[in-house]
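A.B. asks: Supplied in structure tokens, the structure appears directly below.
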């Protein structure tokens, strides 16, 4: 059954952001892609549609491109569907061209949606300010990515399509996903830990929701009794322990891509993404490992030693951003 919120939300008013994200790994895990379509409606600035594409390849520096489109030049349909200059996105297709990268991808298959919040009414009320779900976990991508005129065939890549929105980001958070495992089991891991703003300068303890879809048995750990499980995170690591579940995700600082994120109400924040994090998942006596974890974190201040994209000197008026042209 389709999710009631698998649609465009940000058309409802100002002071909102909304992101439709797509990530996937090649079958051998050597390559990965991460696409972020963001609808941004600040309170006191014109709304924009941002597209960011990050290409990961083991042994090479990640490639980052970004383009900002004027709201009125894009077509938004509830679908969800986003169409703009050199940009198209829907649940079954994603294509675009920014800087030296272009892509044309079919999105197929997947398993039943993941609602990270335990009750549907939490998606309709004011709290929490940030909503998150995964409408299509475990999808298959087929198509092509072209870098500087050199095409790469995308065939049977495994990934997920995610959706988040709200009036602001949480104070800080970590989110992780994994669909490619060393034992080749069609297993999906998806979850987050967040510290939520509860007042001026104050935030909650770490709150965690975690869903594991496994042929040997699913675990859905998102009820209120699970929220305060032991969890810690930093830019390069996320660790969760609860009852018989232990999840560890970690990467090197050189694996990270730093991204500047404008917020609709409170200025700039900083996200850090890696697509080749090391994953260890223990559920009871069963254990699984992967080197294809998607780890993303967010902080109100930059993390030292990680390059941010785009650099502070870049402006949307300069045209599309391509990290290769900046030597980054």
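Each value in this text was obtained by applying a stated rule to the coordinates, not by laboratory testing. Predicted model, so just to flag it, every value in this text is computed and none were measured. With ideal geometry, Cβ positions are generated from the backbone for all residues, glycine too; neighbour counts draw on all protein chains shown.
A.B. asks: Quickly rank 96-109, 215-228 as a protection proxy: mean count of other C-beta atoms within 10 Å, highest first.
C.D. replies: Numbers: 96-109: 18.5, 215-228: 13.9.
Taking the mean over residues of other Cβ atoms within 10 Å, the ranking is 96-109, 215-228.
A.B. asks: Could you tell me the distance between the Cα centroids of region 231-293 and region 1-73, to the nearest Å?
C.D. replies: The two parts, judged by their Cα centres, are 19 Å apart.
A.B. asks: Just grab the label-to-label distance for residue 43 and residue 304, each label 7 Å out from Cα along the Cβ direction, in nm (one decimal).
C.D. replies: 3.3
A.B. asks: Using all Cα-Cα distances in region 14-63, what percent lands in each 10 angstrom bin from 0 up to the longest?
C.D. replies: 24, 36, 23, 14, 2
A.B. asks: Taking the chain as a Gaussian network, Cα atoms linked when under 10 Å apart, which of 210, 22, 281 shows the biggest mean-square fluctuation?
C.D. replies: 281
A.B. asks: Normalised by the number of residues in the chain, what is the relative contact order in percent for Cα pairs under 8 Å and 6+ residues apart?
C.D. replies: 15
A.B. asks: Give or take rounding to whole Å, what are the principal axis extents of the alpha carbon atoms in region 220-328, in descending order?
C.D. replies: 54, 32, 22
A.B. asks: Further, regarding this structure: So, in nm, how far is label residue 228 from label residue 182 when the simple model puts each one 7 Å beyond its Cα toward the Cβ?
C.D. replies: 3.6
A.B. asks: What residue among 243, 255, 68 has the largest mean-square fluctuation in a Gaussian network model of the chain, using Cα springs under 10 Å?
C.D. replies: Result for the chain, Cα springs under 10 Å: 243 fluctuates most.
A.B. asks: Please list the radius of gyration and Dmax for region 116-242, considering alpha-carbon atoms only, with Å as the unit.
C.D. replies: Using the Cα atoms of region 116-242, the pair Rg, Dmax is 16.9, 52 Å.
A.B. asks: In nm, what is the difference between 0.36 nm times the number of residues separating residue 260 and residue 152 and their Cα-Cα distance? Intermediate results must be reported in sequence, preceding the final value.
C.D. replies: Numbers: separation 108, 0.36 × 108 = 38.88 nm, distance 2.77 nm.
Gain in length upon complete extension: 36.1 nm.
A.B. asks: Take the chain, connect every pair of alpha-carbon atoms lying under 10 Å apart with a spring to form a Gaussian network, then pick out the residue of 312, 24, 67 with the largest mean-square fluctuation.
C.D. replies: Of the options given, 312 has the highest mean-square fluctuation.
A.B. asks: While we're here: To the nearest 500 deg cm²/dmol, what mean residue ellipticity at 222 nm is calculated for the chain from DSSP H runs of n ≥ 4 alone, each contributing -39,500 (n - 2.57), summed and divided by the residues? Before the final figure, lay out the partial values.
C.D. replies: Details: 1 runs with 4 residues, N = 328.
Result for the chain: 0 deg cm²/dmol, rounded to the nearest 500.
A.B. asks: Give me the three principal axis extents of region 69-143 from the C-alpha atoms, as integers in angstrom, largest value leading.
C.D. replies: Largest first, region 69-143 extends 41, 31, 21 Å along its Cα principal axes.
A.B. asks: Using a 10 Å cut-off around each Cβ, can you sort 120, 161, 36 from fewest to most neighbouring Cβ atoms?
C.D. replies: Values: 120 11, 161 26, 36 21.
Listed from fewest to most nearby Cβ atoms, that is 120, 36, 161.
A.B. asks: Could you put 214, 183 in order, starting from the residue whose Cβ has the fewest other Cβ atoms within 10 Å?
C.D. replies: 183, 214
A.B. asks: Under the 0.36 nm per residue contour assumption, what length would be gained going from the current alpha-carbon distance of residue 72 and residue 218 to full extension?
C.D. replies: Computed gain between residue 72 and residue 218 is 48.2 nm.
A.B. asks: Take residue 204, project a point 7 Å from its Cα along the Cβ direction, then tell me which residues of region 113-150 have their backbone nitrogen under 15 Å from it.
C.D. replies: Output list for this probe position: 116-133.
A.B. asks: Tell me the Kirkwood hydrodynamic radius of region 13-116 in angstroms, computed as one over the mean inverse distance between distinct C-alpha pairs.
C.D. replies: 14.9
A.B. asks: On to the next question. What is the order of 74, 209, fewest Cβ neighbours within 10 Å to most?
C.D. replies: 74, 209
A.B. asks: Using only C-alpha atoms and all pairs of different ones, pull out the Kirkwood radius for region 10-303 in Å with one decimal.
C.D. replies: 19.3
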